Amino acid sequence: MFAHIDADAFFTSVLQRKNPSLKGKAVLATGMGGGCVIAASYPAKAYGVKTGMRVTEAKKLVPKAIVLPSDFLEACVASEQLQSIIQENASLTERYSVDEWFLDLNTKTGGCPKNLKVWAQKLQSQMLYSTDISVSFGIAPSKLLAKMASDYRKPAGITVLFQTDIEAFLKDRSAEAIPGIGRRRALHAQAHRWNTAWDVANANLEVVQRLFGKPGLSMQQELLGKSIEPICAIPAPPKSISRCRSFRPTGNQEDLCSQLFSHLTRTVLKMRLQNLACQRVTVWLRDKDYKNHIGHDCKLPQSIDTEEELLPYVKSCFSKCFNKGNTYTQVGLGLMDMKPKSFPQYSLFQNPKQLEGCEKIQKALDKVHQKYGRDAVLRGSAIYTHTRRPSQNQPTMYGEILSCR
């Protein structure tokens, strides 16, 4: 049996534990740009507010909602506290995200708990008492079912599924409720009259594979209670790292590039901390209507892991996306097709000394960023993001490449 533990409205719960006067109120936690809801308290959800909704739309549903920026530092603290309690109660765990965990109960010391609901209630109470964060439990024969079960009775719910419960449970859940299906794939499901999760679980194998690929076959097995996906105690390195930020509509190229180069600094730092290098970069812009995304990607001639080497490709992608006269509400950057960093291989057209210089600069930046924070040293062109005006700092470091705050 597997357990899935999911914190309830995590980012709003973090704000509420920091400021208890917010409890019981409609609270909207926003992302870094402030324009999008990344978590809503349950009083806000009762009015129809959903994750990913624009704040302006959410405020129409709940005019008196309290809108606050998410406290990501406090969220990390809360996540580590929850993680510590979970690890004390299970020997094999997988941290699925900042607020989700999988547990393999069969490997628990003493074996799988005889009364699963009582075990979950005790752990749930311990987590609430110690962290002031409410969580929901799903327990089932497979990871996919456990994840669906944890969402069934939120908040503070506990749902235990045995093999004999699966059919009734899946018939009560829509096809879209299956993690990974999403709205687009749900349309394919509707076209084949797969209205419930049970319909998907029993659909024709060839059709499922054609629509969802091989992962679709594993999904079917997991839905039927057969464990295909094991607990991943040591997470695999990411295949990509991306970052985006929303803001008020602007057509100012300097402002957009400022945001983009700030993304580059942060994503490269995260990539290098995991000793990875990327083979492709992608840049995208979102229009003023918050609907259409214009993107362009570029395959790199070799694996790259320094800002200075990536910068020309990032600029090239941006220039192919940006259209003078248009206004945008988001700029994003993705470092894609990652693999473990290897010794550099130079081509005939590259200057080894110049590349070695880039690596030395990047290593120095890594040390400063890790010791003093990601904003301690910035590109001059990225300063505008933080000051909202051109930087007057003098002198700049490394010619015009960098500027110190």
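The values are calculated or read from the model by the stated rules, or taken from the named source; none is laboratory data. For clarity, every value in this text was computed on a predicted model and none was experimentally measured. Note that we place each Cβ from the backbone using ideal geometry, even for glycine, and neighbour counts take in every protein chain shown.
For residues that are in contact (Cβ under 8 Å) with a residue 60 or more places away in the chain and touching a Pro at 6+ places or on another chain (Cβ under 8 Å), scanning just the range 116-140, find the one that is nearest to SER218 (Cα to Cα).
SER136
Within the range 302-320, how many residues are surrounded by 16 or more Cβ atoms within 10 Å (Cβ to Cβ), modelled with pLDDT under 90 and not acidic (Asp, Glu)?
Number of matching residues: 3.
Under 8 Å between Cβ atoms, at least 6 apart or on separate chains: pull out the pairs that start in the range 174-190 with a residue that is at pLDDT 80 or above and end on any residue that is surrounded by 15 or more Cβ atoms within 10 Å (Cβ to Cβ) and of a type in the set (Ser, Thr, Tyr).
SER174/THR196; ALA175/THR196
Taking the range 155-167 only, how many residues are crowded, with 17+ Cβ neighbours inside 10 Å and within 27 Å of ALA75 (Cα to Cα)? Break it down into steps so the answer makes sense when it comes.
So the first thing to find is which residues in the range 155-167 are crowded, with 17+ Cβ neighbours inside 10 Å, and the list is 157-161, 166.
Pick out the ones that are also within 27 Å of ALA75 (Cα to Cα) and you get 157-159.
The total comes to 3.
Here is a yes/no grid of residues against (1) assigned by TED's automatic domain parsing to the domain that holds GLY35; (2) of a type in the set (Phe, Trp, Tyr); (3) touching a residue at least 40 places away in the same chain (Cβ under 8 Å):
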site	(1), (2), (3)
ASN292	no, no, no
ASP305	no, no, yes
PHE318	no, yes, yes
GLY325	no, no, yes
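Given the conditions (1) in contact with a strand residue (DSSP E or B) (Cβ under 8 Å, 6 or more places away or on another chain); (2) modelled with pLDDT of 90 or more, which single one is not true for ASN202?
So ASN202 meets the others, but not (1).
Which condition from (1) over 30 Å from ILE234 (Cα atoms); (2) buried (at least 20 other Cβ atoms within 10 Å of the Cβ); (3) aliphatic (A, V, I, L, M) is the one that MET148 breaks?
(1)
Against the conditions (1) in contact (Cβ under 8 Å) with a residue 24 or more places away in the chain; (2) of a type in the set (D, E, K, R); (3) assigned to a loop (DSSP other than H, G, I, E, B), where does ARG153 fall short? Just the number, please.
(1)
Which of the residues that make up the range 91-115 are among the aliphatic types (A, V, I, L, M) and either modelled with pLDDT of 95 or more or part of a strand (DSSP E or B) (or both)?
LEU103
Against the conditions (1) among the basic types (Lys, Arg); (2) within 25 Å of SER246 (Cα to Cα); (3) surrounded by fewer than 17 Cβ atoms within 10 Å (Cβ to Cβ), where does LYS299 fall short? Just the number, please.
So LYS299 meets the others, but not (2).
Scan the range 53-90 residue by residue and report those that are in a loop (DSSP other than H, G, I, E, B) and surrounded by fewer than 14 Cβ atoms within 10 Å (Cβ to Cβ).
PRO63, LYS64
Which one of ASP297, ASP255 is part of a strand (DSSP E or B) and of a type in the set (Asp, Glu)?
ASP297
Within the range 197-226, restricting attention to residues that are polar (S, T, N, Q) and under 27 Å from the mean Cα position of the chain (by Cα), which residue is nearest to GLN163 (Cα to Cα)? Break it down stepwise before answering.
Going residue by residue through the range 197-226, those that are polar (S, T, N, Q) are 202, 204, 209, 218, 220-221.
Add one more test, that the residue is under 27 Å from the mean Cα position of the chain (by Cα), and what stays is 209, 218, 220-221.
Details: GLN209: 24, SER218: 17, GLN220: 14, GLN221: 13 Å.
Here the residue is GLN221.
Return yes or no: is LYS143 buried (at least 21 other Cβ atoms within 10 Å of the Cβ), in contact (Cβ under 8 Å) with a residue 40 or more places away in the chain and either more than 21 Å from SER218 (Cβ to Cβ) or outside the structural domain of VAL14 (by TED's automatic domain parsing) (or both)?
For LYS143, the condition - buried (at least 21 other Cβ atoms within 10 Å of the Cβ), in contact (Cβ under 8 Å) with a residue 40 or more places away in the chain and either more than 21 Å from SER218 (Cβ to Cβ) or outside the structural domain of VAL14 (by TED's automatic domain parsing) (or both) - is met.
May I ask you to say which residue of ALA233, ALA146 is under 19 Å from PHE102 (Cβ atoms), touching a His at 6+ places or on another chain (Cβ under 7 Å) and of a type in the set (A, V, I, L, M, F, W, C)?
So the residue among ALA233, ALA146 that is under 19 Å from PHE102 (Cβ atoms), touching a His at 6+ places or on another chain (Cβ under 7 Å) and of a type in the set (A, V, I, L, M, F, W, C) is ALA146.
Which number in (1) in a loop (DSSP other than H, G, I, E, B); (2) at pLDDT 80 or above; (3) surrounded by 13 or more Cβ atoms within 10 Å (Cβ to Cβ) marks the one condition that LYS324 misses?
So the condition that LYS324 fails would be (3).
Got a number for residues in the range 125-139 being surrounded by 14 or more Cβ atoms within 10 Å (Cβ to Cβ) and either in contact with a strand residue (DSSP E or B) (Cβ under 6 Å, 6 or more places away or on another chain) or among the hydroxyl-bearing types (Ser, Thr, Tyr) (or both)?
Residues flagged as surrounded by 14 or more Cβ atoms within 10 Å (Cβ to Cβ) and either in contact with a strand residue (DSSP E or B) (Cβ under 6 Å, 6 or more places away or on another chain) or among the hydroxyl-bearing types (Ser, Thr, Tyr) (or both) within the range 125-139 amount to 9.
Among (1) among the aliphatic types (A, V, I, L, M); (2) modelled with pLDDT of 90 or more; (3) farther than 21 Å from GLU229 by Cα, there is one condition LEU170 misses while meeting the rest; what is its number?
Result: LEU170 fails condition (3) only.
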